[in-house]
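Have a look at the structure below, then the notes.
The values are calculated or read from the model by the stated rules, or taken from the named source; none is laboratory data. Keep in mind that what you see is a predicted model, and the values were worked out from it rather than measured. No Cβ is skipped: glycine too gets one built from the backbone with ideal geometry, and neighbour counts run over all protein chains shown.
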Amino acid sequence: MKKILGIVASQRKLANGEILIKETAASIGEEVKLDLLKLPELNLRPCKACYACLVPDQPCPLIDDLYSVFERIKEADGIILSAPCYALGPAGITKLLGDRIIALAQHIDEIWGKPCVIIGTAGIKGWEGYTLSALIANARFLGLEVKDAHMFIGALPGEALLQSEVKERIQALGNSLFGEPRPLEAGQCPTCWSDLWKFPRPNHAVCPFCGQEAEIRSLDNGTNLHWEFGPKASRFNKSDLKEHFQVWLNDQVREFGKRRKELAVIRNRYKG
Ligand SMILES: Cc1cc2nc3c(=O)[nH]c(=O)nc-3n(C[C@H](O)[C@H](O)[C@H](O)COP(=O)(O)O)c2cc1C
């Protein structure tokens, strides 16, 4: 029997996110064991930026529930991550967990490629902000394989279930978790699926999450726009994540050791 970890970021009891996790797990079509992890019930502390976790075999010095979350992800065959939209982004507790990425990335091999589907919940269509893109990026940073992600709308607890086509969308999430990932949707980044873009210069787009680039050309005298995507961005590839979190950051710590005195001269001017 497959084990599913349902991660709930909502502060509500029987939140839309929790109900949608249960429905998704039930839609899978085989017997599964659902283990619910409610982030607001845990003790998760903010990263102190001490970089102590970069030392081999040294855990994050904060005493909290971080590694128990990691162990539960490790034990699961698949993950359903749900978070509500608060103030246009995912609930802050997901950021608190996401910010501990340096400690968790030291063990990325242990959970690499675990399948994951993502459920966002928001009260008002058009007010979802960057919620889903941020959740997808959080999961990819952890090395999870994102198979589907969807934003459900409903302000009141239970209301998200009343959305039209909700059953079909839940079924699609359930099918993808241990099956084929859903196809790319219109407007999304072909590498990471974010639907947000930056335009640092005319005719040039960059995905703010994975760094995917595209040139935008106008066709048919400007009636159509053609997006020509560059090579796939590699930020979320295993080798790039390991290079960044296990090599580059360690180099930076050594660099700081060498330049500590020089930098202290600058910093000391701002004491007091
Ligand atoms: C502090 C707070 C901020 C919110 N901000 C937004 C928002 O920016 N956009 C939106 O669509 N809904 C917003 N909502 C509404 C929730 O996203 C909505 O009620 C959703 O159903 C919550 O999902 P849940 O039942 O899984 O917790 C906010 C709710 C709270 C409590």
Does at least one position in segment 95-117 carry a residue that is touching a residue at least 24 places away in the same chain (Cβ under 8 Å), within 8 Å of the ligand (Cβ to nearest atom) and of a type outside the set (A, V, I, L, M, F, W, C)? no
Given (1) exposed (fewer than 14 other Cβ atoms within 10 Å of the Cβ); (2) within 16 Å of the ligand (Cβ to nearest atom); (3) of a type in the set (Val, Ile, Thr), identify the lone condition not met by Val55. (2)
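Give the residues of segment 58-87 that are among the β-branched types (Val, Ile, Thr), more than 16 Å from the ligand (Cβ to nearest atom) and touching a residue at least 24 places away in the same chain (Cβ under 8 Å), sorted by residue number.
Of segment 58-87, the ones among the β-branched types (Val, Ile, Thr) are 63, 69, 73, 79-80.
Add one more test, that the residue is more than 16 Å from the ligand (Cβ to nearest atom), and what stays is 63, 69, 73, 79.
Scanning segment 58-87 gives Val69, Ile73, Ile79.
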Residue ID - surrounded by the fewest Cβ atoms within 10 Å (Cβ to Cβ), chosen from residues in segment 82-121 that are in a loop (DSSP other than H, G, I, E, B) and in contact with a Lys or Arg (Cβ under 9 Å, 6 or more places away or on another chain): Gly113
Which numbered condition Leu161 misses (of (1) within 14 Å of the ligand (Cβ to nearest atom); (2) surrounded by fewer than 18 Cβ atoms within 10 Å (Cβ to Cβ); (3) part of a loop (DSSP other than H, G, I, E, B); (4) touching a residue at least 12 places away in the same chain (Cβ under 8 Å)): (3)
How do the pairs read when you match residues in segment 122-150 that are in contact (Cβ under 8 Å) with a residue 24 or more places away in the chain and assigned to a strand (DSSP E or B) with residues anywhere that are within 16 Å of the ligand (Cβ to nearest atom) and polar (S, T, N, Q), using Cβ under 7 Å and keeping only pairs 6 or more apart or on different chains? Ala122/Thr131
Does any residue in segment 12-28 that is free of Cβ contacts under 8 Å to residues at least 60 places away in the same chain and within 11 Å of Pro157 (Cα to Cα) come within less than 7 Å, Cβ to Cβ, of a residue that is within 8 Å of the ligand (Cβ to nearest atom) and in a helix (DSSP H, G or I) six or more places away or on a different chain, and which pairs are these? none
Does at least one position in segment 202-221 carry a residue that is at pLDDT below 95, assigned to a helix (DSSP H, G or I), farther than 26 Å from Ala76 by Cβ and of a type outside the set (Lys, Arg)? yes
Tell me, which residue of segment 1-60 that is touching a strand residue (DSSP E or B) at 6+ places or on another chain (Cβ under 9 Å) and of a type in the set (Lys, Arg) is nearest to Gly123 (Cα to Cα)? Arg12
Residue within segment 34-46 that is assigned to a loop (DSSP other than H, G, I, E, B) and either within 20 Å of Ala172 (Cβ to Cβ) or touching a Pro at 6+ places or on another chain (Cβ under 7 Å) (or both) present: no
